[in-house]
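Below: the structure, in structure tokens.
The values are calculated or read from the model by the stated rules, or taken from the named source; none is laboratory data. Everything numeric here is computed off the predicted structure, so don't read it as measured data. Reconstructed Cβ throughout: ideal geometry from the backbone, glycine too, with neighbour counts over all protein chains shown.
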Amino acid sequence: MTRDSKIFLIAAVAVLLAGLLAPHVLKNPFYFFAGYVILQYVVIATGWNILGGYAGYINFGAAGFFGAGAYASAFLFNTFGIPLLGGLVAACLIGALLGVLMGYLTLRIQGVYFAIATLGLVIILETIIHNIPALGGARGIVVYGPPPPAWAAGPSQYMFFLMLLIAVASVSLARWMQISWVGRGLRAVRASENAAECSGVPTLRLKLLACAASGAVLAAAGAPYPFYTSFVEPVTVFSLLIGLNAIAMPLIGGTRTWLGPVIGALLMASTQQIATITISSELNILFVGIVLIAFVALAPNGILGLVARRSRETPR
Amino acid sequence: MTTLDILLNVLVSGVLFGSIYAVVALGLAITFGILHIPNIAHPALVIMGGYFVVQANRLGIDPLIAAALGIIPFYLLGMLLYTFYANSFERRGRAEVLQSLTLFFGLSLVIEIFLVLLFGSELQSVSAPYIGTSLKFGQIAIPGRLLVPALLGPVTIGLLWLYFKYTNSGTAIRAVAHDERALSIAGLDPAAVKRRAFGLATATAVIGGTALVLIGPIDPFGGRFQIGRVFAIVVLAGMGSIPGTLVVAIMLGIAESLVSSYLNPAWSPGVAFAILLAALALRPQGLFGAAR
Amino acid sequence: MSSPVLSMHGVEKSFGLFRALGPVDLELMPQERLGIIGPNGAGKTTLINCITGVLKPDNGSVKFEGIDITVQPSFKRARLGISRTFQIPQPFRGMSVTENLLVPLDYLHGTANKRRRAAEVLESVGLSARAAHPSEDLSQLELRKLELARALVGNPKVLIADEAMAGLSEAEIDEVLAILMKLNQQGVAVIMIEHIMHAVMRFSQRIVCFEMGQLIASGTAEEVTRDPKVQKVYFGEQAHH
Amino acid sequence: MITRRNFNRLAAVAASSIAMPSVLAGRAFGQDTPIRFGASISLTGALSGTKNGQIGYELWRDDVNASGGLLGRQVELVLLDDQSSASNIPAIYSALADVEKCDVLFGPYGASLTAPVMPFIKQRDLFMIGMFPLAANEKARHDKFFHSAAWGPNSGTDWARGFFDLAKSVGVKRVAILANDLEFSKNAAVGGAKVAEEYSMEIVFNQSYPPNTSDFSSILRNISAANPDAVFVGSYPADSTAIIHGIREIGLPDSVQIFGGAMIGPQYGSLLSSLGPELNGVVNSHLFAPEPTMQTPEIKKFFDRYVPIAEKQGVDPLGYYVPPFYYVAGQLAAAAITGAGSLDQAAMAAWLHGNTVETIVGPAAFNDIGDWTKRRVLMVQIQNVKGNDLAQFREPGHQVILDPPELKSGEFIHPYNKARAS
């Protein structure tokens, strides 16, 4: 294990411990409600970046994967009483499957078709949900989850910790993918598909692997949602804001490493959580839209890119 | 009404809607099909065109005349957008498709919110003498609010086709898709040609917007529902083929109309994307042919 | 008499109505140095695309060490030991020079110590000083060397050098030729596609010439140079200028 | 009024409140501080058409404060924008309870937004007045939840029963049901189908359509082909307009006795005046109509004050649907507080369960899960509309109440085509 990996491991354990201890320090449940949403976006941004950042395939349909995960866990709990953990596993599988399907249909052609196809994913999934009465259709499904276990300080604290676990797991996965053969292969594919293939990289399979991992993480972000809101309906889980944030957060943080989406998500989601109670949803979207354009046009490597450039420019 | 009458009506409304989809997709057929710029903000620009017509209509101007008035400002807007795009990307070297997708995605949101802030999120509609009337041929009724915009499709497409075929500047636009170098050798600035093409594409947005607002009231977010459809049309039409756009759009209109009538209207939003996905999966080589 | 490492039989490839290649029969013996010449558009690049799997031939077969690889994807051929460089260098941008070499090491047969192997190869092509630099910072010569290093890091059996010397100075050409020669002495068969005649003539044991997709001549440098068909398409052409 | 709080303020409050959740602890606050009422409203997003409810809250607050407050304390509103998104609700209600330290909570608008708040109030055992959700409490069965809207018991199926009562009275046998694929209209359609079956009516057409549908010609043709006696429609404003336009172009068969039911839109001034006479004959649900059987001095006074504010804010100039019931929500909470003599949530709920409250829309009494004991959803037929002048809709005779019978203010004109022509 390298020194960096050791530091990462220690940090991850420290974050989890802090998450466990937090309810004993912060008594106000509001922090955990808001913190849950912020962490949810850390997971979404991380999941999106596995495909978008490492492999360079833009997924406009993050909300589709998120919604699929949310519906999977809600349906399994309401129909078969399968607890959230089972729902989480199922959500990951469904997300991975959706990712592979999307990838298989479009990746053989050109990146731009993948992006266009993902635009439609949300609409197709929403249409399907509307037409399946067992999933509640447009009326949604009410989910009354079990009470939190005894060790948790309350439902919001419990959901927060759960999302923290998912976030740490997702970020670890993203980091492993980045520094391992997977990430190197994906970056090679992104730089030159031909050269990568001629260097022994099974490009299509590798891209499908990235689609699967990305889809699984995005769906995992949605799995606990029904238990957080007690209610799932198509309009909210397939919301454009999810798809938008999934793209904006990594781009703003920096897409090259696992850290970029984490920074982007923490920054943007906290701002939005504060903004929820201060500005309107329209201004919220406008803000994200303008920041997105500015970063794409002026700082394509995000905040981390800016920091790296500055440190390179300043003489040592 | 007999079964046959219903089928005829379904086909007629499919053709009408298809023609309308064609005019909405037209701008994208130019930007994406010819220039290879994935302008997913085009549907939002179309809605913006619709708002332009609504505002002009408030002053008592007929929507069709308003559309004609909007062509120049939208043309200029398109040139401006292209300049911004080119400065952001093409100057840095090869424009990365994925970055420009993101840029236009952000742009479409900004346009939507801009409309919300200016005009509110309520529905906006126009009035004109032909709205509310309908032509009847036996059991087939064609409402004026569909017929007029449906005529805009073939007319605009016909004019554009003539332009591309018979004028020098139209030919230059088609040439820029194939060989930029040849164009510069011929003494033309490829960037200027592309800028003009983008302007033209954006100018069609005001016509598309007119078509949409004639059918029924629009709100700032209406463009989102068109994205899937317009891309499906452009890709299936064979990237940049202007008459192909019309044909494919009408086929799609009929398909949606059939699904909505004989299956369930609730399934119709998925039709365009399902067809697109099927096409991408089954005939990728046909689509790949026209790529750079 | 050893059997060929690579053999092509009746390979044809068309793009629409335009026949770009073939039918072609060609064999490469182990450790052979084969030069391929011919004017632009003669089908040289199509040929190596058919060998490396970037294109699938319409007809004919490609065999590697007796195994039919005609429909195998590129990455599998790379794993068997076919490796190439690109006419226009295609470094993995955004990655350091060392990382560029780690990609084939990751995906080809398992190498115990990847970083040490990468360092060795960089040393052998003279890029050690640039190991940690981003690949986009390299000069033209360094890019060519990186291409070579990346192609040979996985111990290929066949190396295809596609215009690996284009745009280099005489001294630089000598440097690249020396690398290729050293590699060949270690047992690698080399196919060199080149427009720089003196280089390809000096390097190759055997030279084949292509014209309009057809193999029109084959032999030693001397034989090919004297071949009237080659003189017509090649040197005859030059005489006009 | 604290609608949009600024960041600094929020941050300061948040930082100082790392202590206990205040709905539990806040009671200890002195008698001189105002009582804080917290609510989430949909200022933006898809449900922003309901934001005029805020005027109802504010008029109520002003009235209470003018008459000396509650329990000797002034009343203060804390309103946050939920952006019409259910995903914001948990954090917003935690902010209201734990950061803003509100003493009493009002619900967000409608069923989608109310569902996420139910486990929250149940777990903390809080009192809440719900705003317009259908059947919100049937699963949670929380004993401290009360509806401000007069949906009545079993509102999931029953709230549109009046439509089918009318249909039955004119001998309807074949029903067509059409609904937008959105929460409220889908609920209405499902409930409507149940009632129709109960009345042994045959459902000859039952479809939903996607939210952005702008052309109904083929759907209306299919409905006509099914030859129904009644058409029950659950729609939202944009599609309500498109459906009415479609009927003008395509028409409906003469067999149709009654058309409408659960269309959102014809309750609002903008749609009434833009469609004008085209709405004649539509029988639609409502909660208030300016008919002699409903007009009281109290409600008149309410609208006299509402209209100028609404016109200034550019929201619905009639305000018959949502705003009075926001005022009612305040009245219910105030009555519970006064009755209980404290802010004790259990005592407030107990009092409200045991007593009838006189509100500006009439007396309200509640069953064990907080439904009004008596359904008072109106079925209103639009009649005699001439031109597009908004003022006529403030007069009686244009939104004639047909059901419930005790509020009936005019005659049901049928079949629909005859009513349209009138």
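Table: residues versus (1) surrounded by 22 or more Cβ atoms within 10 Å (Cβ to Cβ); (2) in contact with a helix residue (DSSP H, G or I) (Cβ under 9 Å, 6 or more places away or on another chain); (3) closer than 28 Å to D:ILE299 by Cα; (4) in contact (Cβ under 8 Å) with a residue 60 or more places away in the chain.
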{"residue": "D:GLY68", "(1), (2), (3), (4)": "no, no, yes, no"}
{"residue": "D:ARG73", "(1), (2), (3), (4)": "no, no, yes, no"}
{"residue": "D:GLN83", "(1), (2), (3), (4)": "yes, yes, no, no"}
{"residue": "D:ILE92", "(1), (2), (3), (4)": "yes, yes, no, no"}
{"residue": "D:PRO108", "(1), (2), (3), (4)": "yes, yes, yes, yes"}
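With respect to the conditions (1) over 19 Å from D:ILE244 (Cα atoms); (2) touching a helix residue (DSSP H, G or I) at 6+ places or on another chain (Cβ under 6 Å); (3) of a type in the set (Phe, Trp, Tyr), D:TRP159 lacks only one, and its number is (2).
Every condition in (1) outside any helix (DSSP H, G or I); (2) buried (at least 21 other Cβ atoms within 10 Å of the Cβ) holds for A:LEU88 except the one numbered (1). When D:ALA188, D:ALA225, D:ALA196 are checked against the criterion of being under 14 Å from D:VAL172 (Cα atoms) and either within 14 Å of chain B (Cβ to nearest Cβ) or of a type in the set (A, V, I, L, M) (or both), a single residue qualifies: D:ALA196.
Scanning segment C:85-96 finds one or more residues that are more than 7 Å from chain A (Cβ to nearest Cβ), more than 14 Å from C:ALA149 (Cα to Cα) and either of a type in the set (S, T, N, Q) or surrounded by 19 or more Cβ atoms within 10 Å (Cβ to Cβ) (or both). Kindly indicate whether B:LEU159 is part of a helix (DSSP H, G or I) and either more than 21 Å from the chain's Cα centre (by Cα) or surrounded by fewer than 16 Cβ atoms within 10 Å (Cβ to Cβ) (or both). Taking the combined requirement at face value, the residue satisfies it. Within segment D:258-296, the set of residues being of a type in the set (Ser, Thr, Tyr) and within 23 Å of D:LYS418 (Cβ to Cβ) comprises D:SER285 only.
On the stretch given as segment D:113-156, residues that are assigned to a loop (DSSP other than H, G, I, E, B) and within 14 Å of another protein chain (Cβ to nearest Cβ) total 12. Within the bounds of segment A:28-42, is there any residue that is away from chain D (no Cβ under 14 Å), within 16 Å of A:LEU218 (Cα to Cα) and either part of a helix (DSSP H, G or I) or among the β-branched types (Val, Ile, Thr) (or both)? Scanning segment A:28-42, I find at least one residue that is away from chain D (no Cβ under 14 Å), within 16 Å of A:LEU218 (Cα to Cα) and either part of a helix (DSSP H, G or I) or among the β-branched types (Val, Ile, Thr) (or both), so the answer is yes. Within segment D:386-393, the presence of a residue that is surrounded by 14 or more Cβ atoms within 10 Å (Cβ to Cβ) and in a loop (DSSP other than H, G, I, E, B) is excluded. For C:ILE216, the stated conditions hold: it is under 14 Å from C:LYS44 (Cβ atoms), modelled with pLDDT of 85 or more and surrounded by fewer than 20 Cβ atoms within 10 Å (Cβ to Cβ). Taking B:VAL230 as the residue in question, decide whether it is without any contact (Cβ under 8 Å) to a residue 40 or more places away in the chain, more than 22 Å from A:ILE129 (Cβ to Cβ) and not aromatic (Phe, Trp, Tyr). Considered against the rule, which asks whether it is without any contact (Cβ under 8 Å) to a residue 40 or more places away in the chain, more than 22 Å from A:ILE129 (Cβ to Cβ) and not aromatic (Phe, Trp, Tyr), B:VAL230 comes out as no.
Can you confirm whether C:ARG79 is over 20 Å from the mean Cα position of the chain (by Cα) and free of Cβ contacts under 8 Å to residues at least 40 places away in the same chain? In short, no. Annotation: of all residues in segment B:105-140 being more than 9 Å from every other protein chain (Cβ to nearest Cβ) and among the hydroxyl-bearing types (Ser, Thr, Tyr), the one that is surrounded by the fewest Cβ atoms within 10 Å (Cβ to Cβ) is B:SER127. Pairs meeting the criteria (first residue in segment C:132-147 and loosely packed, with under 14 Cβ neighbours inside 10 Å, second residue part of a helix (DSSP H, G or I), beta carbons under 7 Å, at least 6 apart or on different chains) are C:ALA132/C:THR98. All conditions but one from (1) at pLDDT 85 or above; (2) of a type in the set (D, E, K, R); (3) under 13 Å from B:ALA29 (Cβ atoms) apply to B:LYS194; the one that does not is (3). Number of residues in segment A:122-153 that are assigned to a loop (DSSP other than H, G, I, E, B), on the phi < 0 side of the Ramachandran plot, facing another protein chain (nearest Cβ under 7 Å) and touching a strand residue (DSSP E or B) at 6+ places or on another chain (Cβ under 8 Å) equals 0. All of C:LYS56, C:LYS76 fail the test of being charged (D, E, K, R) and over 15 Å from A:ALA196 (Cβ atoms), apart from C:LYS56.
When segment D:296-323 is examined, which residues are found to be closer than 23 Å to D:LYS386 by Cα and not aromatic (Phe, Trp, Tyr)? Selection gives D:VAL307, D:GLU311, D:ASP316, D:PRO317, D:LEU318, D:GLY319. D:ASP316 satisfies every condition listed in (1) of a type in the set (D, E, K, R); (2) closer than 29 Å to D:GLU138 by Cβ; (3) part of a loop (DSSP other than H, G, I, E, B) except (2).
Here segment B:212-248 is the region considered, the condition is being at the interface with another protein chain (Cβ under 8 Å from one of its Cβ atoms) and of a type in the set (D, E, K, R), and the residue that is farthest from the chain's Cα centre (by Cα) is B:ASP219. Among the residues of segment A:91-107, which ones are within 14 Å of chain B (Cβ to nearest Cβ) and crowded, with 16+ Cβ neighbours inside 10 Å? Selection gives A:LEU98, A:VAL100, A:LEU101, A:MET102, A:GLY103, A:LEU105, A:THR106, A:LEU107. Of all residues in segment C:181-206, those being under 23 Å from C:GLY43 (Cβ atoms) and in contact (Cβ under 8 Å) with a residue 60 or more places away in the chain number 14. Test A:ALA11 against the stated conditions and say whether it is away from chain D (no Cβ under 14 Å), buried (at least 24 other Cβ atoms within 10 Å of the Cβ) and closer than 22 Å to A:MET163 by Cα. For A:ALA11, the condition - away from chain D (no Cβ under 14 Å), buried (at least 24 other Cβ atoms within 10 Å of the Cβ) and closer than 22 Å to A:MET163 by Cα - is not met.
Of the residues making up segment D:77-111, those that are of a type in the set (Ser, Thr, Tyr) and either within 11 Å of chain A (Cβ to nearest Cβ) or assigned to a helix (DSSP H, G or I) (or both) are D:SER84, D:SER85, D:SER87, D:TYR93, D:SER94. Residues in segment A:193-240 that are of a type in the set (Asp, Glu) and in a helix (DSSP H, G or I): how many? Summing the residues that are of a type in the set (Asp, Glu) and in a helix (DSSP H, G or I) in segment A:193-240 gives 2. Just one residue in the set D:ASP98, D:ASP143, D:ASP103 is in contact with an Asp or Glu (Cβ under 8 Å, 6 or more places away or on another chain) and of a type outside the set (Gly, Ala, Ser); that residue is D:ASP143.
As a summary of the residue check, C:PRO30 satisfies the conditions (1) over 15 Å from the mean Cα position of the chain (by Cα); (2) part of a loop (DSSP other than H, G, I, E, B) except for the one numbered (1).
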